[in-house]
Amino acid sequence: MKLINKKGSSVSRSSHNKKLFHKPGRDFLTSLGFTGPGFAGVLIFFIAPFAVVVYYSFTRGVLDHTFTGMQNYSNVVHNSAFQLAMRNTFKFTIAAVPLAVVLSLFLALLLEQKMFGKSQWRTFFLSPIMVPIASTILVWQVLFHSGGVINDFIAIFGVDKIDWLKSEYCLVVIVILFLWKNLGYNMILFMAALNNIPKTLLEAADVEGASAIHKFVHIKLRYLSPTILFVAILSIINSFKVFREIYLLSGDYPYDGLYMLQHFMNNMFRTLDYQRLSAAAVILALIMIGIIALLFVVENKFGKDIEG
Amino acid sequence: MSYLRQFDKEGNELKSIDTSAAGFEGTVESIEMDSKGNVYMSGWEDGIKVLDPDGNVKAEIPAEDRRDSSLSKIGPDKIGVTSYSEDYTNRTLNIIDPETGSFGEKIELPSNAYTVFQGFGDYDYCYYYNGKIYGHKNGAEEEKVLDWFDYDINSENVMKYTFLDNGNIIAYSSEWDESSQESVDSIILMNSVDAADVVQKEEIVLASLYGDYQVKDLALKFNRTSDKYRIVMKDYSEFNKDGDYSLGLTKLNTEIISGQVPDILVTSELPMQMYAAKGLLVDLWDYIDKDSEISRSDLMEHIFDVMSTDGKLYQVASNFGIISAKANKDIWGEETASIHNLTEKAKDLPEETKLFNEYMTRDEIVNFVIYMNMGELVDWNTGECHFDSPEFVEMLEFAKSFPEEVDWDNYEYKDENNLLLTGKQLLTLASVYDTSDFIQSEAAMGGKTVYVGTPGLSKGITGIYPGTGLAITTSCKNKDAAWEFVRTLLTEDYQKNNTWSLPTNKNVFDDKIKEAMTEEIDADGNRVAKSFYYDGSDNEIAVYAMTQEQVDKLMDLINSVDSVIEFDNSMQDIISDELNGFFNGEISAEETAKHIQSRVNLYVSEQK
């Protein structure tokens, strides 16, 4: 197809397009046109507020903008409630995230096999996502209340009843709730990733007599590494958000084993202590960035050869 | 016969209406007249009656339909009475139709519009609220027209006021003068002046959770005499609405956290320990020690020592009351009211004897112990709590033995002093706000009273309620000027003229004791009783002047004070939440104490 230019010479549509889109600055404007709205949203609703939070963390008060240096950070770091929240949050993350990754991968591998009712099982594991959080909490209360179903069950074996949410087992209850809520979604992500592993590679491994473990470690796991990274990041973020469930179960001041960073920040917000809230938020953000950066490094090391 | 008479400014009678036809049996509380000469009369018992210009009753609204008893006139022919909406969130002015005696037009008012009156200029109507006058313009939000305090006038003393056509205000004020014990009446004419002519003073912001009359009066006197500083009062109770009385405190906390810290705080109902732990308050001992007139020895030092935290005094008060528990010495003995002692006594109680009165419920006991023992339970400076101590566990078990709620169906009033004397009750809570409280109790108990303290973890606790207290914040820019104001509370002059409750100035306290000890002898040489105590069964007990023995006993009580009563709603919510399971028998006292310790510890640590 030919186009006539202003000087009367004809050019092909593809060469015309090339010129149009490769004009200096136009590329940038075009991409800005597409990404601009999204970027503006992120800027207005995430980056700008976070910049304000960082600013607050260095000032004495919202209206008293006296620079206080690291005073707010020092207050927060030395606060025993913050230290407890930090310990609990990391304890929970360290327990829940690996379990969320490993168990969802295990389920995905299981459902990859030929088995009866595969589709129904998939729906079964995915269904907790659709259950409203308030209903989930109601069920958990019925199960784990001191006069609840679990205690009735263990009483059959002569075990004394346990106030699950106010005992040393409280974190276990929340880990179970977290896994129940998140395994299904993670599992779907792994199933999609497993489907993308080149079949030829697996067939070649079969021909060469590779064992199932060998195939899993050297082929599947390496192809799954970007998904493992993604699921891990998602699970870490979700683990920091488990406050919602704990808050609904036990309020502003739960048993000290369930007191999370979000409790500290939420209570600071409620008592309008924006400076300490901001300092805690910045510390949390830095830790998150550090963990995610570390995960990227690990993933780069183990998965770069299959990403091309 | 009763008349409504109208005079001109020379005092000549213009009109006289015979209002006898209205036939009021009770007090006429409010009278208004419309432009047609109809007279509207209202009384609590008699309802509203409208009389024509000749004094004949033309309309009537019975008392049961009449809403409030005070009439409001917001226009020449718009006279009505206010009423609340069903949910008490709004008020309505119900305009009276003088022809039919029914309510016609209804005008919606803000919920705080109690005294409504005719507007001036652009204002449809104005209303008075909390020392200020607000005006309402059609289609707009109401706005503040006048704050009496800005003109150095105590709104509580303003009896009547009106806006003149030129915008000036004429007011009638009646002020009680403590020194002369007489009211001083004055007519005030307020006219506008050029802002440039007003002497500019540095402002000192004083915050309170309610409009305290004494502090307001003190601030007005300070403003009238200081040529450099001016106290500006900020009453946070104005932010309470829809039945939520915590909004004022929330607002104050918001402002404090955002850096808008007031210079002086009226300490009643404020979380003072928390503010002190946040470093918000200055140590007033430094100012007392520097003061040229007041020293520690001029004050009831033990009371101030108890009010201090780690040797730092964060508030001063002009007066105090004591709270303890009392018993019959012959029956109880001299033991302190520790939870352990109470538990032991309760075991051996005869069937007909109760430990406390009917008001003492489980929650009441726990709350009382927490408020009175706060110093033992919580260390706000280190953030440590001690709710898991064996004494606290014992207290929970002890509290459980009390009824869940008061049995009002079988309640019958009985004089508690009598019950203590006859051994039917072992203890009762006792407040001593004045020497008269003390000697009345002594007379009623025939000198057998023993103060054993309110139930406490390791011993009975004798606490104080500080009266109006003031604190200076660390961010106050003019601390010396703020102290000039705050110190007034401690002066002899101030406390001599504010004679209620027990004074904190030692000289004033000694004078009070001297006065209580002064015996009056009648013409026949007999002692004259200072007052009488009635025990509810027609027995009249004469109360005579205080004896030296009683003075010593009162001083022992004052010197045994070891706690300041403190309230903390958030802490109470956590504790109440945990107590439900315990009182319902779901968990043990040890477990409950452990849970309380865990949760309250978090709360206290956060405040650090």
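The values are calculated or read from the model by the stated rules, or taken from the named source; none is laboratory data. If you're wondering where the values come from, they're calculated on a predicted model, not measured in any experiment. Here the Cβ is made from the backbone with ideal geometry for all residues, glycine too, and neighbour counts use every protein chain on show.
When you check residue A:255 against the structure, is it touching a Phe, Trp or Tyr at 6+ places or on another chain (Cβ under 9 Å), crowded, with 18+ Cβ neighbours inside 10 Å and in contact (Cβ under 8 Å) with a residue 24 or more places away in the chain, yes or no? So residue A:255 does not fit the description; no. From the list B:596, B:574, the one residue that fits, being in a helix (DSSP H, G or I) and either more than 8 Å from every other protein chain (Cβ to nearest Cβ) or in contact (Cβ under 8 Å) with a residue 40 or more places away in the chain (or both), is B:596. Restricting the first member to region B:398-414 and to residues that are touching a residue at least 24 places away in the same chain (Cβ under 8 Å), and the second to residues that are outside any loop (DSSP other than H, G, I, E, B) and among the small types (Gly, Ala, Ser), the beta-carbon pairs closer than 7 Å and six or more apart or on different chains are B:401/B:346.
Residue by residue, here is whether (1) touching a residue at least 12 places away in the same chain (Cβ under 8 Å); (2) in contact with a Ser or Thr (Cβ under 7 Å, 6 or more places away or on another chain); (3) of a type in the set (Lys, Arg) holds:
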residue	(1), (2), (3)
B:122	yes, no, no
B:125	yes, no, no
B:128	yes, yes, no
B:132	yes, no, yes
B:141	no, no, no
B:152	yes, no, no
B:165	yes, no, no
B:179	yes, no, no
B:192	yes, no, no
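Among the residues that make up region B:265-273, is at least one of them within 13 Å of chain A (Cβ to nearest Cβ) and modelled with pLDDT under 90? Yes: region B:265-273 contains one or more residues that are within 13 Å of chain A (Cβ to nearest Cβ) and modelled with pLDDT under 90.
The one condition from (1) more than 14 Å from chain A (Cβ to nearest Cβ); (2) in a helix (DSSP H, G or I); (3) modelled with pLDDT under 95 that residue B:558 does not meet is (3). Identify all residues within region A:43-85 that are surrounded by fewer than 19 Cβ atoms within 10 Å (Cβ to Cβ), aliphatic (A, V, I, L, M) and more than 9 Å from every other protein chain (Cβ to nearest Cβ); write none if there are none. Across region A:43-85, the qualifying residues are A:43, A:44, A:47, A:48, A:51, A:52, A:53, A:54, A:70, A:77.
The helices (runs of 4 or more DSSP H) found entirely in region B:248-337 that carry 2 or more residues being of a type in the set (Phe, Trp, Tyr) are B:284-290.
Residue A:284: under 29 Å from residue A:168 (Cβ atoms), more than 13 Å from every other protein chain (Cβ to nearest Cβ) and assigned to a helix (DSSP H, G or I), yes or no? Full working, then the answer.
On the way: under 29 Å from residue A:168 (Cβ atoms): yes; more than 13 Å from every other protein chain (Cβ to nearest Cβ): yes; assigned to a helix (DSSP H, G or I): yes.
Yes; evaluated as a whole, the condition is true for this residue.
Taking the criterion of being of a type in the set (A, V, I, L, M, F, W, C), modelled with pLDDT under 85 and surrounded by 15 or more Cβ atoms within 10 Å (Cβ to Cβ), the only residue of region B:141-184 that qualifies is B:163.
Looking at region A:132-148, is at least one residue away from every other protein chain (no Cβ under 14 Å) and over 26 Å from the mean Cα position of the chain (by Cα)?
At the first step, the residues of region A:132-148 found to be away from every other protein chain (no Cβ under 14 Å) are A:132-140, A:142-143.
From the residues that got through so far, the ones that are over 26 Å from the mean Cα position of the chain (by Cα) too are A:142-143.
Checked against the condition, which is being away from every other protein chain (no Cβ under 14 Å) and over 26 Å from the mean Cα position of the chain (by Cα), region A:132-148 yields at least one hit.
Of all residues in region B:577-593, those being facing another protein chain (nearest Cβ under 10 Å) and on the phi > 0 side of the Ramachandran plot number 0. Within region A:265-276, if we keep just the residues that are touching a residue at least 24 places away in the same chain (Cβ under 8 Å) and more than 7 Å from chain B (Cβ to nearest Cβ), the residue that is nearest to residue A:169 (Cα to Cα) turns out to be A:276.
Residue B:368 falls short on exactly one of the conditions (1) part of a helix (DSSP H, G or I); (2) at pLDDT 90 or above, and that condition is (2).
Report yes if residue B:602 is within 30 Å of residue B:277 (Cα to Cα), without any contact (Cβ under 8 Å) to a residue 24 or more places away in the chain and not assigned by TED's automatic domain parsing to the domain that holds residue B:278, otherwise no.
Values: within 30 Å of residue B:277 (Cα to Cα): yes; without any contact (Cβ under 8 Å) to a residue 24 or more places away in the chain: yes; not assigned by TED's automatic domain parsing to the domain that holds residue B:278: yes.
So residue B:602 passes the test.
Among the residues of region B:93-114, those identified as farther than 30 Å from residue B:56 by Cβ and either surrounded by fewer than 19 Cβ atoms within 10 Å (Cβ to Cβ) or more than 32 Å from the chain's Cα centre (by Cα) (or both) are B:108, B:110, B:111, B:112, B:114. In a residue-by-residue description of region A:185-194, the property of being under 26 Å from residue A:118 (Cβ atoms) and surrounded by fewer than 17 Cβ atoms within 10 Å (Cβ to Cβ) applies to at least one position.
Taking the criterion of being hydroxyl-bearing (Ser, Thr, Tyr), over 28 Å from the mean Cα position of the chain (by Cα) and under 17 Å from residue A:281 (Cβ atoms), the residues of region A:49-73 that qualify are A:59, A:68. On the stretch given as region B:379-395, residues that are of a type in the set (Gly, Ala, Ser) and buried (at least 19 other Cβ atoms within 10 Å of the Cβ) total 1. For residue B:603, the criteria (1) closer than 25 Å to residue B:267 by Cα; (2) away from chain A (no Cβ under 14 Å) hold in every case but one, which is (2).
Here residue B:560 passes the criteria (1) in contact (Cβ under 8 Å) with a residue 24 or more places away in the chain; (2) crowded, with 19+ Cβ neighbours inside 10 Å; (3) of a type outside the set (Asp, Glu) except the one numbered (2). Considering B:107, B:133, B:79, B:74, the condition of being closer than 23 Å to residue B:26 by Cα and of a type in the set (A, V, I, L, M) is satisfied by B:79 alone.
Taking the stated definitions as given, is residue A:116 among the aromatic types (Phe, Trp, Tyr), assigned by TED's automatic domain parsing to the domain that holds residue A:230, more than 21 Å from residue A:283 (Cα to Cα) and not in a helix (DSSP H, G or I)? Spell out how you get there, then give the answer.
On the way: among the aromatic types (Phe, Trp, Tyr): yes; assigned by TED's automatic domain parsing to the domain that holds residue A:230: yes; more than 21 Å from residue A:283 (Cα to Cα): yes; not in a helix (DSSP H, G or I): yes.
It is true that residue A:116 is among the aromatic types (Phe, Trp, Tyr), assigned by TED's automatic domain parsing to the domain that holds residue A:230, more than 21 Å from residue A:283 (Cα to Cα) and not in a helix (DSSP H, G or I).
Among the residues of region B:34-49, those that are buried (at least 19 other Cβ atoms within 10 Å of the Cβ) and under 39 Å from the mean Cα position of the chain (by Cα) comprise B:39, B:40, B:41, B:42, B:43, B:46, B:47, B:48, B:49. Note on region A:239-261: residues that are among the acidic types (Asp, Glu) and within 13 Å of chain B (Cβ to nearest Cβ) amount to 2.
Confirm whether residue B:133 is outside the structural domain of residue B:227 (by TED's automatic domain parsing), surrounded by 16 or more Cβ atoms within 10 Å (Cβ to Cβ) and assigned to a loop (DSSP other than H, G, I, E, B). No.
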